[in-house]
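Reviewing the structure listed below.
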Amino acid sequence: MRIIRHTQKSYASAIRKLDRRSAPPAGVEAIVKDIIEDVEKRGDKALIEISNKFDKAGFKTAKDLRVTEAELAATEDAVDAKTKRAIAASRKNVIAFAKKSLRKDWSGKNSQGGEVGERFLPFERVGIYVPGGTAPLVSTSNMTVCLAAAAGCPEIVVMTPPGPGGTVNPALLYALKEAGATEIYKVGGAKGMAGMSIGTKTIRPVLKVYGPGNSFVVEAKRQLFGVVAVDLLPGPSEVVVLADKSGNAKYIAADMLAQAEHGGDSIMGFVTDSEELLEKVQAEVDRQIKELSRQDQLKKALKDGAWCVLAESLDEGVDIVNAFAPEHLSLITRREKTILPKITTSGAIFVGNYSPVAVGDFLAGPSHELPTGGAGKSFPGLTVDMFQRRTSIVKLDRDSIRKSAPIVEEFAKVEGLDAHGRSATIRVE
């Protein structure tokens, strides 16, 4: 892991490099642009050819793109009871949290007596990307599809990458089915995002897209914005731990390694004002990594994406965290009540030694789809109200238009829009 100490001459310049803005990695933008254009021109044929080339899917016709009812039914026997119970426990928490967050219709009167209000309706057809790749993210089924179902979206389209031979992990399919997906397609990456956004002969286009993914999926969302609505830009996983000497080195190392096993593009950061804790965490990472299975992913992530900062104070650490805007922040300090309110850009905050990020990934209730790459400065994490379309309502009667017309007329006069003013005053003459 790269170590940055406040005593180093290069400390200030190194810290400035941690101040991020979300941007696509070099080369990704052009590749994704070509994929989107190919899907737009050739539709299903492009999805089949690209899937066969990169995923070894073995698709022959457009019918092969969609998960069948028989495949979904087979998951009942393929998934063991313990896994089903875990999926159900997670789903229960996510739905309960989501229902508390739903926006509700309201109405009232403004100061001129006009009736005003808001109406919230679910999007009729939404598209959700669920990563597969090296790890089938069964939990993402609950953290995205359950929110769409809780909002009342009648059509929930899911894209997930297939393995060789066009297969999808049974536990992932089971979770998607139980969460409420109405259509599931075996198409991953930028092509999957393009397929459900633009539409093909087989796949009707959706109104809004959701879900985390690699840098190609995130860039596809960025380029397709306007063709469809987009939730946020959640890319490769990342965690930053901000801790004073009260932090438990074993727990901190475990949280960092949990993020590292996602792969080489993951980021693990540790900020502390304690030299002793920094050394202990380093030792724990070296010890614990030997006990874990995904060695290739772990070693690459630690080499390319892990860093530690020894700050002069925890308050300076807060500034570093806010500039970095991590997806997950683990905050461990005896000054919790004063430090927590100062954290402004993190996607999710896990407070104290006994709050592992993995509980948020799988079980706690809030969605684990969160902004990455510095996007937390502009985007929140996924919430159920992102599946609702907001419409404002205005209704005036004779008395309220009489009170409103002079004010409208004055605005129209200032802006040089006399027809606007006339449209109000004509109703009271």
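The values are calculated or read from the model by the stated rules, or taken from the named source; none is laboratory data. Since the model is a prediction, treat every value here as computed from it, not as a measurement. Backbone-built Cβ (ideal geometry, glycine too); neighbour counts: all protein chains shown.
Here is a list of conditions, (1) within 21 Å of the chain's Cα centre (by Cα); (2) more than 20 Å from Asp231 (Cα to Cα), and Tyr174 meets all of them except one; can you say which number that is?
Of (1) within 21 Å of the chain's Cα centre (by Cα); (2) more than 20 Å from Asp231 (Cα to Cα), only one is false for Tyr174: (1).
Within the stretch 266-283, restricting attention to residues that are within 16 Å of Ala301 (Cβ to Cβ) and crowded, with 19+ Cβ neighbours inside 10 Å, which residue is farthest from the chain's Cα centre (by Cα)? Give the steps one after another, and end with the answer.
Kept after step one, since they are within 16 Å of Ala301 (Cβ to Cβ), are these residues of the stretch 266-283: 266-270, 281-282.
Imposing the further condition that a residue be crowded, with 19+ Cβ neighbours inside 10 Å reduces the set to 266-270, 281.
Values: Ser266: 15, Ile267: 16, Met268: 18, Gly269: 19, Phe270: 22, Val281: 28 Å.
By that ranking, first place goes to Val281.
Taking Ala358 as meeting all but one of (1) closer than 16 Å to Leu18 by Cα; (2) in contact (Cβ under 8 Å) with a residue 60 or more places away in the chain, write down the number of the exception.
(1)
Which helices (runs of 4 or more DSSP H) does the stretch 1-67 wholly contain that include 2 or more residues that are without any contact (Cβ under 8 Å) to a residue 24 or more places away in the chain and either among the small types (Gly, Ala, Ser) or closer than 30 Å to Leu302 by Cα (or both)?
11-16
Could you list, in sequence order, all residues of the stretch 402-429 that are aliphatic (A, V, I, L, M) and touching a residue at least 40 places away in the same chain (Cβ under 8 Å)?
At the first step, the residues of the stretch 402-429 found to be aliphatic (A, V, I, L, M) are 405, 407-408, 412, 414, 417, 419, 424, 426, 428.
Matches in the stretch 402-429: Ile407 only.
Can you tell me which residue within the stretch 306-354, out of those that are β-branched (Val, Ile, Thr) and free of Cβ contacts under 8 Å to residues at least 24 places away in the same chain, is nearest to Gly365 (Cα to Cα)?
Taking the stretch 306-354 and keeping what is β-branched (Val, Ile, Thr), we get 309, 318, 320-321, 332-333, 338-339, 343-345, 349, 351.
So of that shortlist, the ones also free of Cβ contacts under 8 Å to residues at least 24 places away in the same chain come out as 338, 344, 349, 351.
Numbers: Thr338: 25, Thr344: 21, Ile349: 13, Val351: 15 Å.
My answer is Ile349.
Which of the following residues is under 14 Å from Met1 (Cα atoms) and either of a type in the set (D, E, K, R) or not in a loop (DSSP other than H, G, I, E, B) (or both): Ala254, Ala323, Ala258, Ala283?
Of the residues listed, the single one that is under 14 Å from Met1 (Cα atoms) and either of a type in the set (D, E, K, R) or not in a loop (DSSP other than H, G, I, E, B) (or both) is Ala283.
For the stretch 1-49, name all the residues that are more than 28 Å from the chain's Cα centre (by Cα), of a type in the set (Lys, Arg) and more than 23 Å from Gly166 (Cα to Cα).
If the condition is that a residue be more than 28 Å from the chain's Cα centre (by Cα), of a type in the set (Lys, Arg) and more than 23 Å from Gly166 (Cα to Cα), then Arg5, Lys9, Lys41 are the ones that fit.
State yes or no: is Lys9 in the same structural domain as Asp265 (by TED's automatic domain parsing), among the charged types (D, E, K, R) and loosely packed, with under 14 Cβ neighbours inside 10 Å?
yes
Within the stretch 354-429, considering only helices (runs of 4 or more DSSP H) that don't extend past its boundaries, which have at least 2 residues that are touching a strand residue (DSSP E or B) at 6+ places or on another chain (Cβ under 9 Å), of a type in the set (A, V, I, L, M) and closer than 30 Å to Glu327 by Cβ?
Output list reads 357-362.
Among the residues of the stretch 50-66, which ones are surrounded by fewer than 21 Cβ atoms within 10 Å (Cβ to Cβ) and under 27 Å from the mean Cα position of the chain (by Cα)?
Matches in the stretch 50-66: Phe54, Arg66.
Would the stretch 36-49 turn up any residue that is surrounded by 18 or more Cβ atoms within 10 Å (Cβ to Cβ), within 23 Å of Pro371 (Cα to Cα) and either of a type in the set (Phe, Trp, Tyr) or in contact with an Asp or Glu (Cβ under 8 Å, 6 or more places away or on another chain) (or both)?
For the stretch 36-49, residues surrounded by 18 or more Cβ atoms within 10 Å (Cβ to Cβ), within 23 Å of Pro371 (Cα to Cα) and either of a type in the set (Phe, Trp, Tyr) or in contact with an Asp or Glu (Cβ under 8 Å, 6 or more places away or on another chain) (or both): absent.
Looking only at the stretch 102-120, which residues are farther than 19 Å from Gln388 by Cα and exposed (fewer than 13 other Cβ atoms within 10 Å of the Cβ)?
Once the filter is applied, which keeps residues that are farther than 19 Å from Gln388 by Cα and exposed (fewer than 13 other Cβ atoms within 10 Å of the Cβ), the stretch 102-120 yields Gly108, Lys109, Ser111.
Tell me which residues, restricted to the stretch 156-187, are modelled with pLDDT of 95 or more, of a type in the set (Gly, Ala, Ser) and part of a loop (DSSP other than H, G, I, E, B).
Across the stretch 156-187, the qualifying residues are Gly180, Ala181.
When the stretch 315-332 is examined, which residues are found to be hydrophobic (A, V, I, L, M, F, W, C), crowded, with 24+ Cβ neighbours inside 10 Å and farther than 17 Å from Asn248 by Cβ?
Selection gives Val321, Phe324, Ala325.
One line per residue, one yes/no per condition, for (1) assigned by TED's automatic domain parsing to the domain that holds Arg334; (2) loosely packed, with under 14 Cβ neighbours inside 10 Å; (3) touching a helix residue (DSSP H, G or I) at 6+ places or on another chain (Cβ under 6 Å); (4) of a type outside the set (Ser, Thr, Tyr):
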residue: Tyr354; (1), (2), (3), (4): yes, yes, no, no
residue: Thr372; (1), (2), (3), (4): no, no, no, no
residue: Thr391; (1), (2), (3), (4): no, yes, no, no
residue: Arg402; (1), (2), (3), (4): no, no, no, yes
residue: Ile407; (1), (2), (3), (4): no, yes, no, yes
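Can you pull out every residue in the stretch 121-145 that is assigned to a helix (DSSP H, G or I) and either under 14 Å from the mean Cα position of the chain (by Cα) or surrounded by fewer than 22 Cβ atoms within 10 Å (Cβ to Cβ) (or both)? Steps first, please.
Within the stretch 121-145, the first condition is being assigned to a helix (DSSP H, G or I), and the residues that meet it are 138-145.
Result: Ser139, Thr140, Ser141, Asn142, Met143, Thr144, Val145.
Whether any residue in the stretch 333-352 is more than 28 Å from Ile95 (Cβ to Cβ), of a type in the set (Asp, Glu) and modelled with pLDDT under 95 is what I want to check.
no
Scan the stretch 69-76 and tell me whether some residue there is touching a strand residue (DSSP E or B) at 6+ places or on another chain (Cβ under 8 Å) and surrounded by 13 or more Cβ atoms within 10 Å (Cβ to Cβ). Lay out the reasoning, then the answer.
Step one: filter the stretch 69-76 for residues touching a strand residue (DSSP E or B) at 6+ places or on another chain (Cβ under 8 Å), giving 72.
Checking which are surrounded by 13 or more Cβ atoms within 10 Å (Cβ to Cβ) leaves us with 72.
Yes, because at least one residue in the stretch 69-76 is touching a strand residue (DSSP E or B) at 6+ places or on another chain (Cβ under 8 Å) and surrounded by 13 or more Cβ atoms within 10 Å (Cβ to Cβ).
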